[in-house]
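Peer 1: This structure is in structure tokens; I'll ask about it shortly.
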Amino acid sequence: MSTAQAILQSYRAPRAVARRFRDAGADEGTGLGWLFAACILFFIAQLPGLARTSHLSEGEVPLFGLALGTFFGTMLLAPILFYAFASFSHVIARLFGGAGTMTDARLAMFWGLLASAPVVLFQGLVAAMIGPGGQATLVAIFSFAVFLWVWINSLIELEGAR
């Protein structure tokens with residue numbers, strides 16, 4: 001199954017997709033690839049909004065500086081935070097009887113991030129075209145809900161699978 005098909009199927013049946021990845025032998029390297037692909041897409045999603053901010057500031061805020069800071073945060077700091085949150089979710093799952101591994105928790109989170117990337121890209125377009133406001137907030141909440149839906153269901157499947 002292609003990644004695009006797996007993403008679309010994750011919106012309907014995230015546990016089945018997580019099970020399929022586990023059965024196919026997804027490992028730490030697979031998860032790391034998902035994480036960096038998601039971070040790259042999240043960075044790209046922010047570029048239109050940064051261009052809008054730079055344009056509306058009439059050159060006082062250079063786009064290069066905004067993009068560089070965003071790149072640093074998205075590609076260097078965010079993966080560290082995502083690893084920490086995935087580790088924390090594994091500890092919480094253990095408290096509730098989870099029998100998975102730390103790698104399972106990371107796979108669940110990183111797949112949730114990658115699966116939510118198309119909605120995050122849409123969120124970036126809304127933020128750039130409309131700007132801050134109710135519509136942008138609604139799309140941001142929806143994209144976070146998509147991430148939570150895929151992540152929590154994948155975590156339940158992978159942590160309870162042993």
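The values are calculated or read from the model by the stated rules, or taken from the named source; none is laboratory data. All values reported here derive from a predicted model rather than from experimental measurement. Here the Cβ is made from the backbone with ideal geometry for all residues, glycine too, and neighbour counts use every protein chain on show. For accessibility, only protein heavy atoms count, side chains too; no ligands or nucleic acids. Shrake-Rupley method; radii C 1.70, N 1.55, O 1.52, S 1.80 Å.
Peer 1: With Cβ to Cβ distances under 15 Å as the rule, what net charge do the other residues near Ser10 carry (K, R +1; D, E -1)?
Peer 2: Overall, the nearby charge balance is +4.
Peer 1: Please check: in the Gaussian network model of the chain (C-alpha springs, under 10 Å), which one of Met109, Met129, Met75 has the largest mean-square fluctuation.
Peer 2: Result: Met129 has the largest fluctuation of those listed.
Peer 1: Here's a follow-up. Per DSSP H run of at least 4 residues, take -39500 (n - 2.57); add these up for the chain, divide by its residues and hand me the 222 nm value, nearest 500 deg cm²/dmol.
Peer 2: Here the helix-only value at 222 nm equals -27500 deg cm²/dmol.
Peer 1: Given the options Val146, Val120, Val61, which has the most mean-square fluctuation in a GNM of the chain, springs set between C-alpha atoms less than 10 angstrom apart?
Peer 2: Largest GNM mean-square fluctuation: Val61.
Peer 1: When N is the residue count of the range 47-162, what does its C-alpha Rg come to as a fraction of 2.2 N^0.38 Å?
Peer 2: 1.30
Peer 1: Return the single residue from Phe85, Phe43, Phe147 with maximal mean-square fluctuation; model: Gaussian network over the chain, springs between Cα atoms under 10 Å.
Peer 2: Largest GNM mean-square fluctuation: Phe85.
Peer 1: Counting other Cβ atoms within 10 Å of each Cβ, which GluC sites (Glu not before Pro) in the range 1-73 have at most 14 and sit in a DSSP loop?
Peer 2: Hits after loop and neighbour filter: Glu58, Glu60.
Peer 1: Quick check: net charge around Arg106, other residues with Cβ under 13 Å of its Cβ, Lys/Arg +1 and Asp/Glu -1?
Peer 2: -3
Peer 1: Which value, in Å², gives the accessible area per residue of the range 1-137 when a 1.4 Å probe is used on the protein heavy atoms?
Peer 2: 54
Peer 1: What translational D, rounded to a whole number of µm²/s, comes out for the range 45-115 from Stokes-Einstein when the hydrodynamic radius is the Kirkwood one over Cα pairs, at 37 °C and 0.692 mPa s?
Peer 2: 229
Peer 1: Considering only protein heavy atoms and a probe of 1.4 Å, how much of the accessible area of the range 14-94 is carbon and sulfur, as a whole percent?
Peer 2: Answer for the range 14-94: carbon and sulfur cover 72 percent of the accessible area.
Peer 1: Please list the helices of the chain that count as membrane-span-like by this rule: a mean Kyte-Doolittle hydropathy of at least -1.0 together with Cα atoms stretching 24 Å or more along the helix axis, each helix being a complete DSSP H run.
Peer 2: Those that clear 24 Å and a mean of -1.0 are 28-56, 78-95, 102-129, 134-159.
Peer 1: Here's something else I'd like to know. Please report how far the C-alpha centroid of the range 103-153 lies from that of the range 36-60, rounded to the nearest whole angstrom.
Peer 2: Between the Cα centres of the range 103-153 and the range 36-60 lies a distance of 16 Å.
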